[in-house]
Amino acid sequence: MAGVCHVRRRRGSGKGGPMGSEVLVPAAGMGLLAELIAERLPVRRLWLEEDPEAWLAEHGAEVRAVASTGPKAAIDEAWMRRLPNLEIVASYGVGYDHIDARSAGERGIIVTHTPGVLDDEVADVAMALTIMTVRRLPQAERYLRDGHWVNAPFPLTASLRGRTMGILGLGRIGKAIARRAEAFGVEIVYSGRRRQADVPYRYFSSPTEMAAACDILMVAAPGGPETRRIVDAGVLRALGPDGVLVNIARGSLVDEPALIEALRDGVILAAGLDVFEHEPAVPAGFLALDNVVLLPHVGSASHKTRSAMAQCVLDNLVAWSEGRSPLTPTPETPWRGAWRSGR
Ligand code: 8YV
């Protein structure tokens, strides 16, 4: 798997400010991230402190590095204000809409993420979810398990044949999805902030116009205020009664109540969702419907890919602890040649 994060194995100096190179991990989060970091750097597991709030109030000024475990633990401006000497937030994931990166940039804090190492894994799930949704494979499996096959064959379904996929957000993951969909004989069009000179696919500046021109709307754009509810009732209407929506990006990009209504009323045919606005809570409206396939945000959730992501977090933190440049800073927090403490 080609990655943007490159592993460099050098021992950290462990020196630095009042807390040396201690890394604060705020929430238990995903798997073994804290354990992996602890192999190279001292780790403070905030959730294990008797009173995390009191610990932050007493020690906030000593914290210079945070490992963010993902979307459930928001790092907003108020949080950063409590850590006045913070230098790096190393986030475990490519999407970082749970972090106010613009404020971080203004404060001289570097936010890093994990681009590149999960593209293929997420694209695999995007394609699988597309086929599951169009061909109703989860429903077919339930049909067999429930013993209905002995009475009648499973009803015929829609098809991928002759379909066009409109990719909303043609970044690294969007492109990995496009490559796969092309191999399945699906035509690709895309929409995003700007037309890309080096791609062969037709571009739409308006998501609604793209929805009208495609059958499968694949949501692969970043979350955040700019894309919030970009897939609204109008886009769903444009997608139409044979249309299928697939979302592997962030729940916040879709107007969920409008989607539930559209699925219920046949405004679109079906949806496949790996992400939800308030996950892990899933709206009851989705659970009640038969034309939606629901996954618990598993796009990148394989041992191999999550390890690569955790390694990328660690590599960024080790670079920080050695006074080197971060490997994968976000565009909002570019490296300016030195850490805040001047190392
Ligand atoms: C992460 C994701 O694994 O990378 C992302 O943006 O959505 C997931 O694949 C999850 O956010 C955990 O941090």
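The values are calculated or read from the model by the stated rules, or taken from the named source; none is laboratory data. These numbers were taken from a predicted model, which means no experiment stands behind them. When we count neighbours, we look across all protein chains shown, and the Cβ atoms used for this are built from the backbone with ideal geometry, even at glycine. Ligands, DNA and RNA are excluded from the accessible area calculation, which covers all protein heavy atoms including side chains. Shrake-Rupley method; radii C 1.70, N 1.55, O 1.52, S 1.80 Å.
List of remarks:
- For residue 135, the requirement of being surrounded by fewer than 23 Cβ atoms within 10 Å (Cβ to Cβ), free of Cβ contacts under 8 Å to residues at least 40 places away in the same chain and in the same structural domain as residue 316 (by TED's automatic domain parsing) is not met.
- The condition of being in a loop (DSSP other than H, G, I, E, B), at pLDDT below 95 and within 13 Å of the ligand (Cβ to nearest atom) does not hold for residue 15.
- Within segment 105-153, the set of residues being within 16 Å of the ligand (Cβ to nearest atom) and either over 30 Å from residue 319 (Cα atoms) or at pLDDT below 95 (or both) comprises 124, 125, 126, 127, 128, 129.
- Residue ID - nearest to residue 95 (Cα to Cα), chosen from residues in segment 64-79 that are open to solvent by 20 Å² or more (accessible area, probe 1.4 Å) and within 16 Å of the ligand (Cβ to nearest atom): 71
- Remark: pairs (first residue in segment 312-330, within 14 Å of residue 86 (Cβ to Cβ); second residue among the aromatic types (Phe, Trp, Tyr); Cβ separation under 8 Å; 6+ apart in sequence or on different chains) = 320/339; 326/320; 326/335.
- Scanning segment 29-63 for residues that are assigned to a loop (DSSP other than H, G, I, E, B) and small (Gly, Ala, Ser), we see that the one that is farthest from the ligand (Cβ to nearest atom) is 31.
- Subset of segment 139-164 (residues that are part of a loop (DSSP other than H, G, I, E, B), surrounded by 10 or more Cβ atoms within 10 Å (Cβ to Cβ) and not small (Gly, Ala, Ser)): 148, 149, 154, 157, 160, 163
- Selection count, segment 29-63, where residues are at pLDDT below 85 and surrounded by fewer than 15 Cβ atoms within 10 Å (Cβ to Cβ): 1
- Take the conditions (1) part of a loop (DSSP other than H, G, I, E, B); (2) within 16 Å of the ligand (Cβ to nearest atom); residue 342 misses just one of them, which is (2).
- Taking (1) of a type outside the set (A, V, I, L, M, F, W, C); (2) touching a residue at least 40 places away in the same chain (Cβ under 8 Å); (3) surrounded by fewer than 18 Cβ atoms within 10 Å (Cβ to Cβ) in turn, residue 202 satisfies each apart from (2).
- Members of segment 80-92 found to be within 16 Å of the ligand (Cβ to nearest atom) and open to solvent by less than 10 Å² (accessible area, probe 1.4 Å), listed by number: 89, 90, 91
- Count of segment 28-63 residues, restricted to those that are closer than 18 Å to residue 307 by Cα and among the small types (Gly, Ala, Ser), is 5.
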